[in-house]
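To keep things clear, I will list the structure first and then write my remarks on it.
What follows is calculated from the coordinates using simple rules that are stated; it is not laboratory data. This is a predicted model, so every value here is computed, not measured. Counting neighbours? That spans all protein chains shown, and the Cβs are built from the backbone with ideal geometry, glycine included.
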Amino acid sequence: MAEGSKLVLTFSNASGNNTTISFNYADPSVSSAAVKALANGIVANGVIYDNVPTETKSAKMVITTETEYDLSA
């Protein structure tokens with residue numbers, strides 16, 4: 001059984017649309033303060049992105065679990 005985690009941040013951009021930035025293999029025990037600091041840093045330095053994020057809309061940790069089944073029997 002395998003498990004993975006991904007931090008997904010959603011921002012609004014200058015044109016009013018939403019844009020999403022994902023970080024694979026994120027630490028599921030990260031604090032909300034650290035996530036907020038990351039999001040604020042992305043907005044503050046957003047000129048490096050094609051769709052410049054202007055405001056943080058949401059943040060979530062996505063945990064996936066994979067289970068393999070033995071089908072040989």
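Name the residue, out of 44, 39, 34, that is within 13 Å of the chain's Cα centre (by Cα) and free of Cβ contacts under 8 Å to residues at least 12 places away in the same chain.
Values: 44 fails: within 13 Å of the chain's Cα centre (by Cα); 39 fails: free of Cβ contacts under 8 Å to residues at least 12 places away in the same chain.
Criteria check complete, one pass: 34.
Scan the range 9-31 residue by residue and report those that are farther than 11 Å from residue 61 by Cα and within 10 Å of the chain's Cα centre (by Cα).
10, 20, 21
Would you confirm whether or not the range 30-48 contains a residue that is within 24 Å of residue 4 (Cα to Cα) and hydroxyl-bearing (Ser, Thr, Tyr)?
Yes, the range 30-48 contains a residue that is within 24 Å of residue 4 (Cα to Cα) and hydroxyl-bearing (Ser, Thr, Tyr).
I'd like to verify a number: residues in the range 1-20 that are assigned to a loop (DSSP other than H, G, I, E, B) and free of Cβ contacts under 8 Å to residues at least 40 places away in the same chain, how many?
3
I'd like to verify a number: residues in the range 21-65 that are loosely packed, with under 15 Cβ neighbours inside 10 Å, among the small types (Gly, Ala, Ser) and assigned to a helix (DSSP H, G or I), how many?
6
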